[in-house]
Amino acid sequence: MLGGVYGRALAGETVTFRPRGNSMPGLVADGAQVVVRPCVASALTTGDVVLVKVAGNVYLHKVSAVDAPRTRVQISNNRGRINGWAGWAKVAGICVSVDGRARPNLDGKVREDQ
């Protein structure tokens, strides 16, 4: 399911969907409506929730570390599992709202060229 959404977001679309799963408690509940917009990957910080591909798998997970010199972010769920590193080009977008509530700290992270 996330593969199609990922492709659309990577192409520059704003996408709205309801991800399934229990890996992001406290941030994104199972079936919550999320809005993901294209982002400026170099502006991401820890705690941002992104739509990203890591080792061939698509996740809506959080940024747990940033390695700017190597232009990549570490991706983890909200239960302590690290999924791995993803280059900035693999980040399709940033989650801007969950069930109509805006996510914090979005200044400078959303691409405005849409």
- [ ] May I ask you to evaluate 6.51 cos²θ - 1.76 cosθ + 1.60, the Karplus curve with θ = phi - 60°, for each residue of segment 58-66 and list the ³J(HN,Hα) values in order in whole Hz, giving x for glycine and proline?
- [x] 9, 9, 10, 9, 9, 7, 9, 6, 10
- [ ] Choose one answer from Asn77, Asn22, Asn57: the residue with the largest mean-square fluctuation in a GNM of the chain with alpha-carbon springs under 10 Å.
- [x] Asn57
TODO: Quote the relative contact order of the chain in percent (integer), defining contacts as alpha-carbon pairs under 8 Å separated by 6+ residues.
DONE: 29
- [ ] Please give the length that would be gained between Ser42 and Ala29 if that part of the chain were fully extended, namely 0.36 nm times their separation in residues minus their C-alpha to C-alpha distance (nm, one decimal).
- [x] 2.0 nm
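Let me check I've understood the local charge: for Gly21, count other residues with C-beta under 14 angstrom from its C-beta, Lys and Arg +1, Asp and Glu -1. What total comes out?
So the environment of Gly21 carries a net charge of +4.
Restricting to DSSP loop positions (anything but H, G, I, E, B) with no more than 16 other Cβ atoms inside 10 Å of their own Cβ, which trypsin sites (Lys or Arg not before Pro) remain in segment 20-101? The partial results should precede the final answer.
On the way: sites: Arg20, Lys53, Lys62, Arg70, Arg72, Arg79, Arg81, Lys90, Arg101; in loops: Arg20, Arg79, Arg81.
Answer by residue number: Arg20, Arg79, Arg81.
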Task: Answer label for semi-axes √(5λ) of the Cα gyration tensor in Å (calculated), chosen among [x] 24, 19, 15; [y] 24, 16, 13; [z] 18, 16, 14 - done: [z]
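Net charge within 12 Å of Lys109 by Cβ-Cβ distance, Lys/Arg positive one each and Asp/Glu negative one each, not counting Lys109 itself? Write out the running numbers ahead of the final one.
Working: positive: Arg37, Arg103, Arg111; negative: Asp48, Asp107, Glu112.
Summing Lys/Arg as +1 and Asp/Glu as -1 gives 0.
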TODO: Using a Förster distance of 35 angstrom, determine the FRET efficiency expected from the C-beta separation of Leu106 and Ala55, and round it to 0.05.
DONE: 0.85
Open item on the list: About the Cα centre, and with charges only on the beta carbon of Lys, Arg (+1) and Asp, Glu (-1), how big is the dipole of the chain? Nearest 20 debye, please.
Closed with: 300
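Report the local net charge at Asp30: Lys and Arg +1, Asp and Glu -1, summed over other residues whose C-beta lies under 11 Å from its C-beta. Working shown, then result.
Details: positive: Arg18, Arg20; negative: none.
Taking every other residue near Asp30 into account, the sum is +2.
Taken together, the values in this text are just the output of simple stated rules run on the coordinates, not laboratory data. This is a predicted model, so every value here is computed, not measured. Virtual Cβ from ideal backbone geometry, glycine too; neighbours counted across all protein chains shown.
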